[in-house]
Amino acid sequence: MADLHGCCHPCATCLLCLYSCQWITAKKRNGLRTTKCDCSWFLFLFCVFLFTLVWLYFTIIILNDFHNFNEFIFKQRKLWLDWSLVLLIGTAVLITYSAVLLVLALCLQLCGQPLKLHWLHKTLLILTALVVAAAFTGLGIKWAEEWRSASISLQATGPFLHIGIVGGMTLLAWPLASFIYHTRNTGLKVFILLVYCTVMIALYLAPLGITSPCIMEKNQLPPKPALVGHRGAPMLAPENTLMSLRKAVDCDVQVFETDVMVSADGVPFLMHDEELTRTTNVQAVFPERAALNSTAFNWTDLQQLDAGSWFLERRPFPTVQSLSAGDRDQVTKQRIPSLEQVLEAAKQSNISIMFDLRPENHSDYQSFVNATLEVILHSGIPLQQVLWLPDGFREQVKQQAPGVQQIYGRKRLQNEEPLLHVNLPYQDMSSEEIRQYRQDNIFVNLYVVNQPWLFSVLWCSGVSSVTTNACQVLKEMKYPIWLLPSSTYLMIWIVVDCTSFLAILWAFLLLK
């Protein structure tokens, strides 16, 4: 190997010690060479780092929907834990480990030192690759819609990822130039150089294929989407309670989204889960009936349940820790509200209410519809403030309450009269479809949107409203965080590509 290129002997020794897990003195280093096997392991290390980096990106994306995963695990195991913390910590450990090893390898290459990866590192790298592969496999099997979430995220991050990758490949030119000039294998030199040049040319031309709804001028930006509170403001108060509705109103939410069930004695009330165990203390009050469907309880029994203390005990969102003493006191006083109580609160607050009627497969579902309609019609709330989601007996609802707004949970069909309102998962509509619906004056609400990056993409696309858990966060956004004028992006593209080309050229000339 060549002499040290600006590296002191102690530094080279420490780097090699960490990489090879053994103390190799300067005298021993003189007889060491980087073999083809060592190069293969370096290539494997680089691939594992990229693989783990991609998983980190996916981890950040799926955080938007992770509360659904926490709820799913609770329903299956009756165990509440914020699994997003486990995911983030595990991913951080894997990416940090592979990144440190890669940096060590690159520094050793720049110092002209041999790459002798220890068998322990090799084993851990293989395990890292297997863990990440298992994570991707599990995601594809159990949570396939998140692939579409990643596709949406690339619309926002594409221009910025392009700039970052070009910068990373430019920095890689320095150790690569060192390797090319100090290896004697001509075939390997030509192969590596061709691969690197091909990748860089592709990166230089990549912006020609990058499309992002947020590459536009400020004066072209559609109006900010209205906010629909998912079960109220569940990050600030227990979901589906009157306190949650009030907090949603404070966040300038225009619609309170909820779920309605009907008690055994015919009283419609707010509840999402079919069982009461997650959001009440039913196991303490009625332990022998805790596993029963919510509709099996009469209204008197339901009013005995505490619907708020679980919020402080389980802390479904990190925001629970920042609640004031007054809010904590209010949380403990929450009870399951009836639909009548919620309609009265909505009428006083001038906020609309959108709800689904559950469970859809219940044998008495038609009686549930009748009981719900009766409460709505007797509440005195303007019917245009009621947004009806259930598909069952929709025609009956139109006849008995023609003023109620009908919201459809599907896209419009061919040769069908245009729907006025649609309510869909955000993964189910592309930016092009959102723009088309907007041109056709169809009100589009997408759910559940919690992260500012996702809200920004949908805002730029022109969505009418979004259902969110994080109304207090999205309320404060004045502009999309990814908004980038096309002229600015073009200038950045040219500057980054030219700077990168000059840096790569300088690296090869300097290290020659």
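The figures follow:
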item	result
Using θ = phi - 60° and Karplus 6.51 cos²θ - 1.76 cosθ + 1.60, couplings along the stretch 116-122 (whole Hz; Gly, Pro as x)	10, 6, 6, 4, 5, 5, 4
For the chain: accessible area per residue (Å², 1.4 Å)	48 Å²
Of all accessible heavy-atom area on the chain, the percent that carbon and sulfur account for (1.4 Å)	62 percent
Largest-first principal axis extents, alpha carbons of the stretch 416-471, Å	34, 17, 16
Zone of residue 438's modelled label, taken as backbone nitrogen in the stretch 208-223 under 16 Å from a point 7 Å along Cα→Cβ	212-223
Overall Cα dimensions of the stretch 243-326 - principal axes, largest extent first, Å	36, 28, 19
Under 13 Å, Cβ to Cβ, from residue 339 - net charge with Lys/Arg +1 and Asp/Glu -1	-3
For the stretch 332-432: span of alpha carbons on each principal axis (Å, largest first)	46, 30, 26
Mean ellipticity per residue at 222 nm, deg cm²/dmol - from DSSP H runs of n ≥ 4 across the chain, formula -39500 (n - 2.57)	-17500 deg cm²/dmol
The chain - charge dipole about Cα centre, Lys and Arg +1 at Cβ, Asp and Glu -1, debye rounded to 20	2700 debye
Distribution of pairwise C-alpha distances over the stretch 172-227, 5 Å bins, in %	4, 14, 16, 13, 10, 7, 8, 7, 7, 6, 5, 3, 1
Relative frequency of Cα-Cα separations exceeding 13 Å in the stretch 455-496, percent	63 percent
Area projected by the alpha carbon convex hull of the chain, averaged over all directions, nm²	29.9 nm²
The chain - percent relative contact order, Cα under 8 Å, separation 6 or more	17 percent
Simple label model, 7 Å out from Cα along Cβ direction - residue 383 to residue 171, nm	6.3 nm
19 Å Cα-Cα reach of residue 116 towards aspartates and glutamates, excluding residues that sit fewer than 8 places from it in its own chain	3, 38
Violating pairs (Cα-Cα greater than 31 angstrom) within the set 142/224; 75/333; 347/478; 142/247; 142/478	142/224; 142/247; 142/478
Net charge of Cβ neighbours under 14 Å - reference residue 221; Lys, Arg +1; Asp, Glu -1	+4
Long-range HN-HN contacts of residue 409 with modeled amide H, under 5 Å	423
Value in Å of the Kirkwood radius, where the stretch 382-499 supplies the Cα pairs that are averaged	16.6 Å
Taking N as its residue count, the alpha carbon Rg of the stretch 226-475 over 2.2 N^0.38 Å	1.01
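The values are calculated or read from the model by the stated rules, or taken from the named source; none is laboratory data. All values derive from a computational prediction rather than experimental measurement. Neighbour counts are summed over all protein chains in view; Cβ atoms, including those assigned to glycine, are modelled from backbone coordinates with ideal geometry. The area values use the complete protein model at the heavy-atom level, side chains included, leaving out ligands, DNA and RNA. Shrake-Rupley method; radii C 1.70, N 1.55, O 1.52, S 1.80 Å.
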